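S.K.: This is the structure, below, for whatever I ask next.
The values are calculated or read from the model by the stated rules, or taken from the named source; none is laboratory data. Worth saying up front: this structure is predicted, and the values here are computed from it rather than measured. Here the Cβ positions follow ideal geometry from the backbone for every residue, glycine too, while neighbour counts run over all protein chains shown. Just so you know, the surface numbers come from the protein's heavy atoms only, side chains and all, with ligands and any DNA or RNA stripped out. Shrake-Rupley method; radii C 1.70, N 1.55, O 1.52, S 1.80 Å.
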Amino acid sequence: MKNCYSKEKKSIETVDSSSAPGEQELSPSFLYRLVVGCFYQPLDSIEEYYGEKVAFYFAWLQHCSFHLLYLSFVGAIVFICQLSSGNWDHPLRPFFSIFVMIWSFVVMVTWRRRSNFLAYQWGTLDYQEEEIARPEFKGTEYRVCPITNTYVMYYPPWKRWLKMCVSIPLTVGFTIVTLLGILILYGNRDVMLAQYFATGHSYHISVSMDVIGQTAPILAVELNKEHLRDPDFWIIIIGFPTALGLILPLLNFCLRKVSLWLNELENHRTEAEYRTHFIIKVFAFRFVCYFAALYYYSFIGVGEFLVTIIISILLYKYLFNIL
């Protein structure tokens, strides 16, 4: 017995020692993980260790990274054509817009096929999880479930709706206040930028709601080295958006805490209901944070020229001429 045990121990040590160098040789380098890792994920290993939900998340990232590769390549070609011609309204823009629409359709169709394949491979196709009540769920009484014929905790829906009458206005109000703050910041920034070029590098810092939608146009602006060396120019262009970028994560953190507290107050029964209502509360605020500036310059802050877009084009054109 002792001899057999020593042989088994020796064989195990031999296998471990022989597999160790192989594992070190197979470990990918940093450059490989940076370039290839975003297009290839060990989905089967992720599914075995973390479960299907996390594996589908990484599968979606892999899918998007692959399709964004050729979209970014086409977009770079269009951008180079815009810089070389010096015209933002390049004739290729409508065709690029059509290409983006077709691209979005292809991404969704191919993802549906890819997700069905992975679901069939992992045995989760047409899988429905039977959820149980959350440990934090508090019912007012016990009632007989007509499906399982067992006693379950019951919470009146009217009480939940009564509490949602408090949480919904609070979330909407928080989002509207943030939206107004973003519009006020970008509106005042554009007015100060117009004053900077109109009065000879002087501007007045002010905060007012009247400037929303009253962006002064900038005509015949030549960007030179003096502008690039002026700290006031960079404060107007980058300083205010940077300050907003530092404030928004703090507001997002506060809203997340408030949303979690409101979800606990609403007393949802299952984890799916709890997660769905939490996403609804947070999604509107994050949508405003990420896309408010784009909607502002598309539909509100318009003059004869868009201030920030013109400055960006002039900056790119100036750097292109230097290079």
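S.K.: For residue 114 and residue 294, what does the FRET efficiency come to when R0 = 30 Å and r is the distance between their Cβ atoms, rounded to the nearest 0.05?
M.R.: 0.55
S.K.: Test of understanding: what is the full-extension gain from residue 72 to residue 29, defined as 0.36 nm times their sequence separation minus their Cα-Cα distance?
M.R.: 13.0 nm
S.K.: Would you check the accessible area of residue 110, probe 1.4 Å, heavy atoms only, in square angstrom rounded to 10?
M.R.: For residue 110, the solvent-accessible surface is approximately 30 Å².
S.K.: If we sort 279-290, 135-146 on the protection proxy, mean other Cβ atoms within 10 Å, highest first, what's the order?
M.R.: Listed from highest to lowest mean packing, they are 279-290, 135-146.
S.K.: Leaving out ligands, DNA and RNA, and with a 1.4 Å probe, what % of the accessible surface on the range 134-191 is carbon or sulfur?
M.R.: Within the range 134-191, the accessible surface is 72 percent carbon and sulfur.
S.K.: Ok, one more. Full extension from residue 87 to residue 141: what is 0.36 nm times the residue separation minus their Cα-Cα distance, to one decimal in nm?
M.R.: Residue separation times 0.36 nm, minus the Cα-Cα distance, leaves 12.5 nm.
S.K.: By its C-alpha gyration tensor, with a ≥ b ≥ c as the square roots of the eigenvalues, how is the range 41-191 shaped: rounded for a/c under 1.5, else prolate for a/b larger than b/c, else oblate?
M.R.: oblate
S.K.: Right, here's the next one. What part of the accessible area of the range 37-118, given as a whole %, is carbon or sulfur when the probe is 1.4 angstrom?
M.R.: Here carbon and sulfur together make up 71 percent of the probe-accessible area.
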